[in-house]
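Written below as C-alpha cells is the structure these notes are about.
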Amino acid sequence: MRDLSISVYFARAVLKNAVERGVDPIALLRRNRISPRLLLEDNARISIERFADLQVSTMVAMDDESLGYASRPLPVGCWAMMCHAVIGSETLGQALARYCRFFQLFRSNVALQMEEIEDSVVFRQVQDPEQPPADPYLDELSFFNLHRFASWLVQEHLPIQRVDLRHAPAAEPVDYRHMFLANPMEFEQPRAQVLFSPALMEKRVTQNETSLRHFLRHPALIMLTHSYAANSWTSNVRDIVRRRLREVPELNDVAATLDVHPQTLRRRLSSEGTTFKDIKNQVRRDTALHFLGKQGLSIEEIAHRAGFSESSAFIRAFKGWTGVTPYTYRKGL
C-alpha cells in the first residue's frame, strides 16, 4: 500500500456534523489514533489509512453514510446494497444508471442525475428547490465516490472530461489533484457536475460478486488507495521515487527509468499540474507521516527512510509541511 497522506481539511469535513448528531468528534479522533490538535493546524496532514478509518467510524457512529450532509440520513448498509444492485451490470453505463437510480430512491440531495448532453455524459447533484443548497463537501464526496467506484468496476482509472464545483477550493490544489487524479477541475461554477466521455459507458464491468466481497471489507480505503495498470505520469514518478527514496533520485534518473527525455517528463508532469520537486517533497512527507505512526522507530531512522541525510534538515522540512515538529506530531498520536 502506498504511504499517502491527506489534508486535515478532509478530516474536518468528515467530522463537521458529528456534534449536531450527538457524536463526540474528539473520541472518534482518538479511537483512530489521530491527534485532535492536528485539526487546529491548517497545514497538518494525516495518513490515508487513518483518514479512511475515521470516515467509516464517523458513518457508523452517526448511522449515516452521508456524514450528515444529505437532506435525510443514509443508514449504514446503503452503500453495500447499492453495490449488490449494480454488480450484475454488463456495461459501465448500465451500472452507473443503476447507481443513480438507487440513491434517487431515498429522495434526498445525495442522489445524482445522469444525462447525456452533446459529447458528454453528465452527472449532477439532485437539488430540492425547497431545501437550502447542499454543503460544498457533499459535491466533492459524491463525485469522488462516483469516479472511484466506476473506476473500480472496470479496473482502470477513468479519465474525466471535467469536474465543476460551485465553491472556491477549500484545500490545497495538490489535494484536489489527488482526489480527482489530476483530471481537469473548475471552481466557482454555476452548477456542480462531473463529465465523462460517452465512449466510457460502453466499457464492460469486470468485477463480480466474489471481488465485491473483498471490496466491501473497506471500500473507503480501497477507493482512496487502489491503483490500476494505466497510471498517470505523476503516479509512475511517485512510485519510482518512493521505491528509491533513500537514494534521493533526481529527475534525470527517473526519466531514464521511464525511458523519456528529462524535458519531456517535465512537460508531461506539468500537463498533470505538478512538478518533480513537488512529487519528491510529497513522497518524503507522506513517508515520514507513515513511519511516525509506527512504534520503535527513532526520528533519525525516519529521517533516513524519508531520504534525509541529517535529522535537522528533516525536522525543518517536517515543520514546513505540517506546522509542527515530528516530535510534537508523534506525541499527539
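The values are calculated or read from the model by the stated rules, or taken from the named source; none is laboratory data. Only a predicted model underlies this, so the values are computations on that prediction, with no experimental measurement involved. Every residue, glycine among them, receives a Cβ derived from its backbone with ideal geometry; neighbour counts consider all protein chains shown.
Go through the residues of the stretch 47-59 one by one and say whether even a single one is touching a helix residue (DSSP H, G or I) at 6+ places or on another chain (Cβ under 8 Å) and charged (D, E, K, R). Steps first, please.
The first filter runs over the stretch 47-59 and keeps only residues touching a helix residue (DSSP H, G or I) at 6+ places or on another chain (Cβ under 8 Å), leaving 47-49, 51-58.
Still in the running and charged (D, E, K, R): 49, 53.
Yes, that holds for at least one residue.
Out of the stretch 275-309, which residues are among the aliphatic types (A, V, I, L, M), surrounded by fewer than 21 Cβ atoms within 10 Å (Cβ to Cβ) and touching a residue at least 24 places away in the same chain (Cβ under 8 Å)?
Step one: list which residues in the stretch 275-309 are among the aliphatic types (A, V, I, L, M), which gives 279, 283, 288-289, 292, 297, 299, 302-303, 306.
The next check asks that each one be surrounded by fewer than 21 Cβ atoms within 10 Å (Cβ to Cβ); those that pass are 292, 297, 299.
Matches in the stretch 275-309: LEU292, ILE299.
For the stretch 170-185, how many residues are on the phi > 0 side of the Ramachandran plot and surrounded by fewer than 19 Cβ atoms within 10 Å (Cβ to Cβ)?
Within the stretch 170-185, the subset on the phi > 0 side of the Ramachandran plot is 181-182.
Among the residues that remain, those that are also surrounded by fewer than 19 Cβ atoms within 10 Å (Cβ to Cβ) are: none.
Residues in the stretch 170-185 being on the phi > 0 side of the Ramachandran plot and surrounded by fewer than 19 Cβ atoms within 10 Å (Cβ to Cβ): 0 in total.
Which of the residues belonging to the stretch 152-169 are surrounded by fewer than 18 Cβ atoms within 10 Å (Cβ to Cβ) and not in a loop (DSSP other than H, G, I, E, B)? If you could, list the steps in order and put the result at the bottom.
Keep residues of the stretch 152-169 that are surrounded by fewer than 18 Cβ atoms within 10 Å (Cβ to Cβ), which gives 155-156, 159, 161-162, 166-169.
Selection gives ARG162 alone.
Every residue in the stretch 255-298 that is on the phi < 0 side of the Ramachandran plot and acidic (Asp, Glu), please. I'd like the intermediate steps shown before the answer.
Looking only at the stretch 255-298, we keep the residues that are on the phi < 0 side of the Ramachandran plot, and these are 255-258, 260-272, 274-295, 297-298.
Passing the criteria: GLU272, ASP278, ASP286.
Between PHE180, PHE102, PHE143, PHE149, which is farther than 29 Å from VAL283 by Cβ, of a type in the set (Phe, Trp, Tyr), touching a residue at least 12 places away in the same chain (Cβ under 8 Å) and in the same structural domain as GLY77 (by TED's automatic domain parsing)? Walk me through it before giving the result.
Working: PHE180 fails: farther than 29 Å from VAL283 by Cβ; PHE143 fails: farther than 29 Å from VAL283 by Cβ; PHE149 fails: farther than 29 Å from VAL283 by Cβ.
Answer to the check: PHE102.
Going residue by residue through the stretch 255-274, is there one that turns out to be loosely packed, with under 15 Cβ neighbours inside 10 Å, touching a helix residue (DSSP H, G or I) at 6+ places or on another chain (Cβ under 8 Å) and not in a helix (DSSP H, G or I)?
yes
Looking at the stretch 69-88, can you tell me whether even one residue there is closer than 23 Å to HIS214 by Cβ, in contact with a strand residue (DSSP E or B) (Cβ under 9 Å, 6 or more places away or on another chain) and touching a residue at least 40 places away in the same chain (Cβ under 8 Å)?
Scanning the stretch 69-88 turns up no residue that is closer than 23 Å to HIS214 by Cβ, in contact with a strand residue (DSSP E or B) (Cβ under 9 Å, 6 or more places away or on another chain) and touching a residue at least 40 places away in the same chain (Cβ under 8 Å).
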